[in-house]
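Working notes for the structure below.
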Amino acid sequence: MEELRDGRLLRIIVGEDDTYEGQPLYEAILLMLRREGLAGASVFHGTAGFGASSVVHTSKILRLSQDLPVLIETVDTAAKIEAVLPILDSMVSEGLVTIEKADVRVYRGRPG
């Protein structure tokens, strides 16, 4: 087990229909985080939510236009998180970004 000092949790919430340069925004963000060398990232698909417009988006079967929320999370040092914020500013036109201090314990695969 390794502890990461000065850890930060970055959460990015966008809509599943949002795009960036012709691809889904959440995929573009995931690839950018990888390209910028962050420790790892995960994408979670929401089943319901609402944003600034207060329009509720849900995965109910009879709805055709869902635009459900998508959450991208990554954990790394404060410096690495801060370094990607200007890039996110250029990619995200509507959504929410939060940054929290995080106590991080990293478990790596053990030699077999």
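For the stretch 9-41, which residues satisfy the criterion of being open to solvent by 50 Å² or more (accessible area, probe 1.4 Å) and in contact with a helix residue (DSSP H, G or I) (Cβ under 7 Å, 6 or more places away or on another chain)?
Result: THR19, TYR20, GLU21, GLU36.
Quickly run through the stretch 77-112 and pick out the residues that are in a strand (DSSP E or B), modelled with pLDDT under 95 and not polar (S, T, N, Q). Break it down stepwise before answering.
Narrowing the stretch 77-112 to residues in a strand (DSSP E or B): 77, 96-106.
In the following step, the residues that additionally are modelled with pLDDT under 95 were identified as 77, 96, 102-106.
LEU96, ALA102, ASP103, VAL104, ARG105, VAL106, listed by residue number.
Out of everything in the stretch 92-105 that is over 12 Å from the mean Cα position of the chain (by Cα) and of a type outside the set (Ser, Thr, Tyr), what residue ends up being surrounded by the most Cβ atoms within 10 Å (Cβ to Cβ)? Quick ask: steps written out before the conclusion?
Just the residues of the stretch 92-105 that are over 12 Å from the mean Cα position of the chain (by Cα), to begin with: 93-94, 100-105.
Those still in the list that are of a type outside the set (Ser, Thr, Tyr) too: 94, 100-105.
Working: GLU94: 11, GLU100: 11, LYS101: 10, ALA102: 15, ASP103: 9, VAL104: 17, ARG105: 9.
Taking the candidates together, the pick is VAL104.
Pairs please, first residue from the stretch 36-50 and over 25 Å from ARG8 (Cα atoms), second anywhere and in a strand (DSSP E or B), Cβ atoms under 7 Å, 6+ apart in sequence or on different chains.
Filtered contacts from the stretch 36-50: ALA48/VAL56; ALA48/HIS57; ALA48/THR58; PHE50/VAL56; PHE50/HIS57.
The values are calculated or read from the model by the stated rules, or taken from the named source; none is laboratory data. Given the structure is predicted, the values throughout are model-derived calculations rather than measurements. So basically every Cβ, Gly included, is an ideal-geometry build from the backbone, and we count neighbours across all protein chains shown. Heavy atoms of the whole protein, side chains included, go into the accessibility calculation; ligands, DNA and RNA do not. Shrake-Rupley method; radii C 1.70, N 1.55, O 1.52, S 1.80 Å.
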